[in-house]
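Undergrad: Structure provided below as structure tokens; questions to follow.
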Amino acid sequence: MNLLSILFASIFVNNIILSLFLGCCPFLGVSSRIMSARGMGFAVVFVMVMASAITWVVYHAILVPLGFRYLYTLSFILVIAALVQLVEMVLKKVNPPLYKALGIFLPLITTNCAVLGIAVINMNRNYGFLESVTNAFGASLGFFLALYLMAGIRERLDLSETMPAFMRGLPIALVTASLMALAFMGFVGIM
Amino acid sequence: MSSLLSLEGVLLPSAILGGLGLGFGLVLALAASRFRVEVDPRVSRVREVLPGINCGACGYPGCDGYAEAVVSGQAKPNLCAPGGADVAAAVASIMGISAEAMVKKVAFVRCKGSPDVARVKYFYDGVLDCREAVVVPGSGPKACPFGCLGFGTCAAVCPFGAIRIENGLARVESLLCTGCGICVSSCPKRVIELVPQDKAVRVACSSRHKGQDVKRVCQLGCIGCGLCARVCPEGAISIADNLPVVDFDKCTSCGACAQRCPTRSILMAF
């Protein structure tokens, strides 16, 4: 399996939000403004790649040799939570502007199921280290893409004056999300 | 018991997870001391004098956010509405600057259209919450599109219990009100506004419609006749969108406007 096809498959064909339906909470929660969608997107790219790398090491260097594969869920969550804490501390010291820009989104990622989901998918597919990191990078770019598109659409929808009151806000966002998921189904044919 | 506490079943997994947790904990502890960011000690002192109810009236996310903003010089020390003048003075003394005089504001419901004087378009049988009722076509049962719906969303969100529903209208108990403004932003009709507590004049109608349209739906609505603007000796009242706008810097609370108002839409609070 070459890395390029893993990358493109995880961005478009198996888009983490629109095909696998993981991480739907920030997809609806943080998509009302393009600025915050971008902040969340960058934070997810960063954390997901780091978390995939470290969970791969934890799984293959600790759990598999000792014969306790079934502990993966607990240990992955432990890794992700500790990692997010660490990243937050380091960012606060090293790059305060970025820390301010990411703001509340960084701690929110701790409970983002997409991050855990990608770690588990990597494990289930028996990916090597590079393949895992590539898959995570692609998936997080796919997350960024979906979130950014959604935020752009919602910012324009907010300007509508003819939309009936009962469709404003979340209802139209859900309809938009389902139409986007339908559109992304079109990518299934290219791989 | 022995099988429960076996090496394979319980102890080893616990040891592995405990070890992982301990390892991560140590790394985090090291990082915490290695990457410690010096926090201005004034932040925690400002935070201590703030009320700590995290109402957000200052415009910052909670009291912590406001304390940081004050110390970094982005915010003025007098923005804490629930804390009032005392907190403003305390914060200012920590920051070493003088507090600007802070006018206490209270919430006021700009509507007198109780069910006996205001017409109702239809019978609403849904969730008793204004935010739900406005979603219904026609945005609520009241014929006047600007009036208080009286389902008590403001009363439910008020952290100080200062709002009650009386005779189908929200009423603010100004002694309990701290002017935090949570009700103002929760009201889907935007019928609540913050007014200076030391001024008595209150405009008790929000209808921007013309006089005849107001008369059709409410007996006590402001018809925008402009008498108040003409009788005000200080020239503090102007008419905009068929409603009087009071310039509280000029208002002396003389009460001339309230006396002349033909629909009793201007009230005196005291």
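The values are calculated or read from the model by the stated rules, or taken from the named source; none is laboratory data. Keep in mind it's a predicted model, so treat the numbers as computed, not measured. So basically every Cβ, Gly included, is an ideal-geometry build from the backbone, and we count neighbours across all protein chains shown. The protein model used for the area step is the full one, side chains on, heavy atoms only, and it has no ligands, DNA or RNA in it. Shrake-Rupley method; radii C 1.70, N 1.55, O 1.52, S 1.80 Å.
Undergrad: For segment A:1-18, which residues satisfy the criterion of being open to solvent by 40 Å² or more (accessible area, probe 1.4 Å) and either of a type in the set (A, V, I, L, M) or in contact with a helix residue (DSSP H, G or I) (Cβ under 8 Å, 6 or more places away or on another chain) (or both)? If you could, list the steps in order and put the result at the bottom.
TA: To start, the set of residues in segment A:1-18 that are open to solvent by 40 Å² or more (accessible area, probe 1.4 Å) comprises A:1-4, A:8, A:12, A:14.
Within segment A:1-18, A:MET1, A:LEU3, A:LEU4, A:PHE8, A:PHE12, A:ASN14 qualify.
Undergrad: Now a separate question. Please work out which residue is nearest to the other protein chains (Cβ to nearest Cβ), limiting yourself to segment B:47-69 and to residues that are assigned to a helix (DSSP H, G or I) and either of a type in the set (A, V, I, L, M, F, W, C) or touching a Pro at 6+ places or on another chain (Cβ under 7 Å) (or both).
TA: By that ranking, first place goes to B:ALA69.
Let's see how each residue does on (1) of a type in the set (Gly, Ala, Ser); (2) away from every other protein chain (no Cβ under 14 Å); (3) surrounded by 22 or more Cβ atoms within 10 Å (Cβ to Cβ); (4) touching a residue at least 24 places away in the same chain (Cβ under 8 Å):
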| position | (1), (2), (3), (4) |
| --- | --- |
| B:ARG131 | no, no, no, yes |
| B:GLY147 | yes, yes, yes, yes |
| B:ILE163 | no, yes, yes, yes |
| B:GLY181 | yes, yes, no, yes |
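Undergrad: With the checklist (1) assigned to a strand (DSSP E or B); (2) within 14 Å of the chain's Cα centre (by Cα); (3) within 20 Å of B:TYR124 (Cα to Cα) in hand, flag the one item B:VAL195 doesn't pass.
TA: (3) is the only condition that B:VAL195 fails.
Undergrad: Restricted to segment B:1-46, and to residues that are at pLDDT 80 or above, under 30 Å from B:ALA88 (Cα atoms) and surrounded by 11 or more Cβ atoms within 10 Å (Cβ to Cβ), which residue is nearest to the other protein chains (Cβ to nearest Cβ)?
TA: It comes out as B:VAL43.
Undergrad: Would segment A:77-98 turn up any residue that is more than 17 Å from the chain's Cα centre (by Cα), not in a helix (DSSP H, G or I) and not hydrophobic (A, V, I, L, M, F, W, C)?
TA: Yes, there is a match, as at least one residue in segment A:77-98 is more than 17 Å from the chain's Cα centre (by Cα), not in a helix (DSSP H, G or I) and not hydrophobic (A, V, I, L, M, F, W, C).
Undergrad: Next question, about the same structure. Output the qualifying pairs, or none if there are none: Cβ atoms under 9 angstrom, residues six or more apart or on different chains, first residue in segment A:73-88 and facing chain B (nearest Cβ under 8 Å), second residue of a type in the set (Gly, Ala, Ser) and surrounded by 20 or more Cβ atoms within 10 Å (Cβ to Cβ).
TA: Going by the 9 Å Cβ cut-off, the qualifying pairs are A:VAL79/A:ALA51; A:VAL79/A:ALA119.
Undergrad: Name every residue in segment A:167-191 that is open to solvent by 60 Å² or more (accessible area, probe 1.4 Å), within 14 Å of chain B (Cβ to nearest Cβ) and modelled with pLDDT of 90 or more, in order of residue number.
TA: The answer is none; no residue qualifies.
Undergrad: Is it the case, given these coordinates, that A:LEU108 is surrounded by fewer than 22 Cβ atoms within 10 Å (Cβ to Cβ), in contact with an Asp or Glu (Cβ under 9 Å, 6 or more places away or on another chain) and either closer than 26 Å to A:GLU131 by Cα or modelled with pLDDT under 90 (or both)?
TA: No; evaluated as a whole, the condition is false for this residue.
Undergrad: Given (1) surrounded by fewer than 16 Cβ atoms within 10 Å (Cβ to Cβ); (2) under 27 Å from B:LEU50 (Cα atoms); (3) in contact with a Ser or Thr (Cβ under 6 Å, 6 or more places away or on another chain), where does B:PRO159 come up short, assuming only one miss?
TA: (3)
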